[in-house]
2 protein chains.
Amino acid sequence: MNIGDVSERTGLPAKTIRYYEDIGLVRPARDTNGYRVFRDTDAHKLAFLGRARALGFSIEDCRTLLALYEDDDRASADVKRVATEHLHQIEDKIAQLQAMRDTLNELVRCCAGDNRPDCPILKDLARQ
Amino acid sequence: MNIGDVSERTGLPAKTIRYYEDIGLVRPARDTNGYRVFRDTDAHKLAFLGRARALGFSIEDCRTLLALYEDDDRASADVKRVATEHLHQIEDKIAQLQAMRDTLNELVRCCAGDNRPDCPILKDLARQ
DNA sequence: CTTGACCCTCCAGTGACTGGAATCCTTATC
DNA sequence: GATAAGGATTCCAGTCACTGGAGGGTCAAG
């Protein structure tokens, strides 16, 4: 498989796949012409990475998860730890964003949104 | 005021304040020794920026908001537009993160987290 | 005069790509 | 055999909003 095929299969842009090779997440073979040659296991790994990234795991988490995946002697506790930690970060982020949203909602609600200069949003940002 | 004072007043790191000067958000005067000299209006602007950033506005949004703030002939509609657009982006982000959280929660819930290798989290990531 | 707390500039790095230039390889068509 | 399109390669630079660090100048106190 060339990079275009595996890109289509996994939904990852070719650029991203090259980047993943750069940082050592995959190691496709090379054809005599210099083209990358992806085997099924490579495509499989890339699909794994795509799904882990879609769940918001960092590249370093993905590296860890991939290593655990390939380790037949792993403990599921190790996987769970990574996932739980990530889950907490997501929950923190959601809480942060919700706080922003609530404040913004209130400010937007109070703003007339007309052609006069008076604006509670700016007033709030400029409060002493 | 030197940069340390204004940093303490606004809660922004000195590095960040220098960066804001670099990108033209503030233009403090200079003392003969080369030190930045911040007037109250500069400190006030920086506090404004700090609050806008805390609400998640991008630097470019901050630039726009600051310009509107300083324009006595602004229309509050312009401010409201910026804020509403940002609010929508935050809401989208929250929805994304909640979807991730729900999936992760389910996966974590199903994982025994013991010393056996069998793991539904990896199984899900590796699904064909 | 020294010490320590400030301040300065400039450069490089972060995360995870993404865009673009310049070039090479393959395949199909004329 | 020439040519053109499409896909592959590398390498460099840019994104966003800082942040860290090196190497040096300035100031106030003791």
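The values are calculated or read from the model by the stated rules, or taken from the named source; none is laboratory data. Source: prediction; values computed, not measured. Cβ sites come from the backbone with ideal geometry, for glycine too, and all protein chains shown count toward neighbours.
Tally time: how many residues in the range A:24-80 are among the basic types (Lys, Arg) and under 14 Å from B:ILE121 (Cα atoms)?
Here the count works out to 4.
Going through A:ILE90, A:ILE94, A:ILE59 one at a time, which residue ends up being within 16 Å of DNA strand C (Cβ to nearest atom), among the β-branched types (Val, Ile, Thr), within 19 Å of the chain's Cα centre (by Cα) and closer than 18 Å to B:GLN96 by Cα? Walk me through how you get there before you give the answer.
Values: A:ILE94 fails: within 16 Å of DNA strand C (Cβ to nearest atom); A:ILE59 fails: closer than 18 Å to B:GLN96 by Cα.
When all the criteria are applied, what remains is A:ILE90.
Return a yes/no flag: does the range B:31-40 have any residue that is surrounded by 16 or more Cβ atoms within 10 Å (Cβ to Cβ) and more than 8 Å from DNA strand C (Cβ to nearest atom). Show your work before the answer.
Going through the range B:31-40, the residues surrounded by 16 or more Cβ atoms within 10 Å (Cβ to Cβ) turn out to be B:36, B:38.
Pick out the ones that are also more than 8 Å from DNA strand C (Cβ to nearest atom) and you get B:38.
Taking every residue of the range B:31-40 in turn, at least one turns out to be surrounded by 16 or more Cβ atoms within 10 Å (Cβ to Cβ) and more than 8 Å from DNA strand C (Cβ to nearest atom).
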Taking only the range B:100-124 into account, find how many residues are assigned to a helix (DSSP H, G or I) and over 28 Å from B:ALA52 (Cβ atoms).
-> 14
Keeping to the range B:97-113, report how many residues are within 19 Å of A:GLN96 (Cα to Cα), more than 7 Å from chain A (Cβ to nearest Cβ) and surrounded by 13 or more Cβ atoms within 10 Å (Cβ to Cβ).
-> 1
Qualifying residues in the range A:62-89 (those that are more than 8 Å from chain B (Cβ to nearest Cβ) and under 20 Å from A:TYR19 (Cβ atoms)) - the one surrounded by the fewest Cβ atoms within 10 Å (Cβ to Cβ) = A:ALA67
Do you know which residues across the range A:1-23 are within 11 Å of DNA strand C (Cβ to nearest atom), aliphatic (A, V, I, L, M) and in a helix (DSSP H, G or I)?
-> A:ALA14, A:ILE17
Using the structure shown, decide if B:ALA47 is modelled with pLDDT of 95 or more and away from DNA strand C (no atom under 13 Å from the Cβ).
-> yes
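Inside the range A:24-83, can you point out the residues that are polar (S, T, N, Q) and in a helix (DSSP H, G or I)? First the steps, then the outcome.
Filtering the range A:24-83 for residues polar (S, T, N, Q) gives A:32-33, A:41, A:58, A:64, A:76.
A:THR41, A:THR64, A:SER76 - these are the residues of the range A:24-83 that are polar (S, T, N, Q) and in a helix (DSSP H, G or I).
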Condition set more than 9 Å from chain B (Cβ to nearest Cβ) and out of contact with any His (no Cβ under 9 Å at 6 or more places or on another chain), scope the range A:46-61, selection nearest to A:ARG27 (Cα to Cα): answer is A:LEU46
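Say whether the condition of being within 11 Å of chain B (Cβ to nearest Cβ) and closer than 30 Å to B:ARG116 by Cα is met by at least one residue in the range A:23-40.
yes
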